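Everything below concerns the one structure shown next.
Every number in this text was worked out from the coordinates using simple rules, so none of it is lab data. Bear in mind that the values here come from a model prediction, so they are computed numbers and not experimental data. Methodologically, a virtual Cβ is constructed for each residue, glycine included, from the backbone with ideal geometry; neighbour enumeration extends over all protein chains shown.
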Amino acid sequence: MTGPATLTTAPAPAAGGPVVSAAPGRRRVVIGTLTSLVLLVVGIAASLFVGARSVDPAVVWSVLGTLPGQLLSGDLAAAVAPGSGAVMDEVVVAARVPRTITAVLVGAALAVAGAGLQGATRNPLGDPGLLGLTAGAALGVVLGLAFAPAAGPSVVALFSVIGALVAGMVVVGAGRLGADSGTGLVLAGAAVTAGCTAVTSSLVIALPGVLDRFRFWGLGSVARSGAPEIGAAVPFLLLGLVLVLAGAAALDALALGDDMARGLGVGPVAGRAVVLGGVVILSGVATALAGPIAFLGLLVPHLLRRLVGVGNRVVLGLPVLVGPAVLLFADTIGRVIAPPGEIAVGVMTVAIGVPFLIALLRANRGVSTS
């Protein structure tokens with residue numbers, strides 16, 4: 001004879017063990033948001049004021065003073081394109097302002113994409129680079145450059161998004177989304193990345209015109225985009241952000257399991273599809289703007305989960321601030337670390353992030369990320 005059913009609760013963590021709340025306290029969220037804002041402001045200032053070429057801060061402030069009116073009037077080209085005449089003004093307007101804007105857009109896109117992937121796949125290794133989206137987007141860009149060399153930035157961005165979409169569909173089809181799909185997704189991502197990279201390299205070698213445009217872009221750089229590229233990327237970026245952020249509540253339900261999510265009125269397939277659609281768009285537009293930049297989408301969500309908890313409403317929102325800050329600092333360090341040249345930001349993100357991620361994973365051992 002059995003006794004009456006009882007409701008049990010999970011045991012409390014051992015003393016000294018890691019504790020991560022699924023519903024981060026309001027204070028942690030507020031502190032995290034304010035800290036992220038400060039880091040972003042400092043990163044923007046460093047990107048504008050610091051570089052291989054010295055610029056008088058008064059010149060920077062003078063140039064920046066004209067930007068709000070141009071942006072409010074919708075004249076993005078005038079806001080970030082050269083034409084002021086003065087040499088120092090040209091350095092700021094033609095180089096540093098578009099570079100900073102690009103870093104902010106790309107950092108936000110990759111960080112949110114990584115957080116969305118980790119939540120939708122319940123895989124702590126979810127990252128646009130590791131799961132093949134970046135390689136697919138890069139192949140799409142190269143195909144666009146090869147077969148539509150006169151195409152504008154919007155068409156190139158569209159090619160990039162399509163490439164990421166096809167790669168993502170192959171990875172999901174091969175890896176099978178599900179509770180035990182983590183290893184399968186990573187292996188499928190590695191295979192897709194290898195295949196896309198091989199085709200991309202073959203096209204670049206075979207087509208000299210593509211090689212000239214791909215040479216610097218292929219390393220990952222925020223220094224190559226101007227007003228046309230930025231203007232073409234913004235609509236894609238906004239659409240991707242809306243889709244991922246709209247799926248935050250669904251991901252919180254899915255973290256409890258598909259059956260529980262259905263009981264809460266959330267369809268697992270539809271919930272994941274919305275988020276993954278946004279992830280594909282963000283990965284594609286980021287790659288079109290700056291080339292393949294690794295690691296950012298993996299690092300930022302892990303860092304935020306460590307600091308503010310694992311609730312997707314927070315982890316999908318704060319990367320909009322933290323991702324740009326990390327990328328801005330990485331780019332600024334790359335500009336000044338080896339004068340008169342510079343190190344591409346794609347190289348810097350790996351050099352800065354790998355040791356930090358190893359330490360983070362060691363500290364996070366045994367802590368859930370979903």
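Of note:
- Summarising the label geometry, the points placed 7 Å from Cα in the beta-carbon direction at Thr183 and Arg224 lie 3.8 nm from one another.
- For Val266, net neighbour charge (Lys/Arg +1, Asp/Glu -1) across residues whose Cβ lies under 12 Å away: -1
- Calculated FRET efficiency for the pair Ala148/Ser202, C-beta based, R₀ 22 Å, to 0.05: 0.75
- Pairwise FRET efficiency - Arg306 versus Leu34, Cβ, R0 = 25 Å, nearest 0.05: 0.90
- Vicinal HN-Hα couplings computed from phi for the stretch 246-260 (Karplus, 6.51 cos²θ - 1.76 cosθ + 1.60; Hz; Gly/Pro x): 5, x, 4, 5, 5, 5, 4, 5, 5, 5, 7, x, 4, 5, 5
- Oblate is the label for the stretch 242-317, because the ratio a/c of its alpha-carbon gyration tensor axes (a ≥ b ≥ c) is 1.5 or higher and a/b is not greater than b/c.
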